Amino acid sequence: GAFTDAVPAPRADRLQGRARAAAFLSLRGYKVLQGRNGVDALRMAECCQGNLDLLITDVVMPGMGGRELADRLRQMRPQTRVLYISGYTESTVLQQGVDLGFGFLQKPFNLGALAGKVRELLDAPQAVDPVAAGPARKAE
């Protein structure tokens, strides 16, 4: 399956981490498309032929946040599953409208955990996907 990684990377360490994750998943047989930001990821989705099985996106990004990216992408490609990643606190993630359950991975994480979560999401029934299931819970 293919997925789009829309994690922006303004710092060199983020670029290196994103490239490492993409290479790691590519070596495991996934076709990886990398967007520089949310707008770039949406452009890629419009041009990409075939399925986009999984979007991996940071929750908090400059410009378009991960939840908005996922919502807009799923208007075009409703079967795309979403894996949110974040190094922010639980309350910040919840304020962004993201469920901390099934489709979420807290930073820092190792590449094995990423690969395991990708496989878990791709193998799960569609209804388990928190974005497909409806609005996420908000922080109180």
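The values are calculated or read from the model by the stated rules, or taken from the named source; none is laboratory data. Just so you know, these numbers come straight off a predicted model, no measurement behind them. In this analysis, Cβ positions are derived from the backbone assuming ideal geometry, glycine residues included, and neighbour counts consider all displayed protein chains. Each accessible area value is taken on the protein alone, full model and side chains, heavy atoms only, with ligands, DNA and RNA left out. Shrake-Rupley method; radii C 1.70, N 1.55, O 1.52, S 1.80 Å.
Couple of notes before you dig in:
- Global geometry of segment 18-84, whether rounded, prolate or oblate, following the gyration tensor of its Cα atoms and the 1.5 cut on a/c: oblate
- Using the Karplus relation 6.51 cos²θ - 1.76 cosθ + 1.60 with θ = phi - 60°, the per-residue 3J(HN,Hα) values for segment 99-113 come to 6, 7, x, 3, x, 9, 9, 7, 7, x, 9, 8, 5, x, 5 Hz, with x marking Gly and Pro.
- Cα gyration tensor category, rounded, prolate or oblate, for segment 66-132 with a/c compared to 1.5: oblate
- Taking label positions 7 Å along the Cα-Cβ direction at both ARG72 and ARG119, the computed distance is 3.4 nm, reported to one decimal.
- For GLY35, residues with placed amide H under 5 Å, excluding near neighbours: ASP5, ALA6, VAL7
- 3J(HN,Hα) along segment 31-39, derived from phi through the Karplus expression 6.51 cos²θ - 1.76 cosθ + 1.60 where θ = phi - 60°, amounts to 8, 10, 10, 10, x, 6, 7, x, 4 Hz, with x in place of Gly and Pro.
- Coupling constants for segment 80-95 follow from the phi torsions by the Karplus curve (6.51 cos²θ - 1.76 cosθ + 1.60, θ = phi - 60°), and in residue order they are 5, 8, 10, 10, 8, 10, 6, x, 6, 5, 4, 5, 5, 5, 5, 5 Hz; glycine and proline get x.
- Sequence-distant residues sharing a close amide H with GLY87 (under 5 Å, placed H): LYS107
- Put simply, the amide H of MET61, placed in the peptide plane, has neighbours under 5 Å in GLY66, leaving out anything fewer than 5 places away on its chain.
- Using the 1.4 Å probe convention, the accessible area of segment 13-52 works out to 63 Å² per residue with neighbouring protein chains retained.
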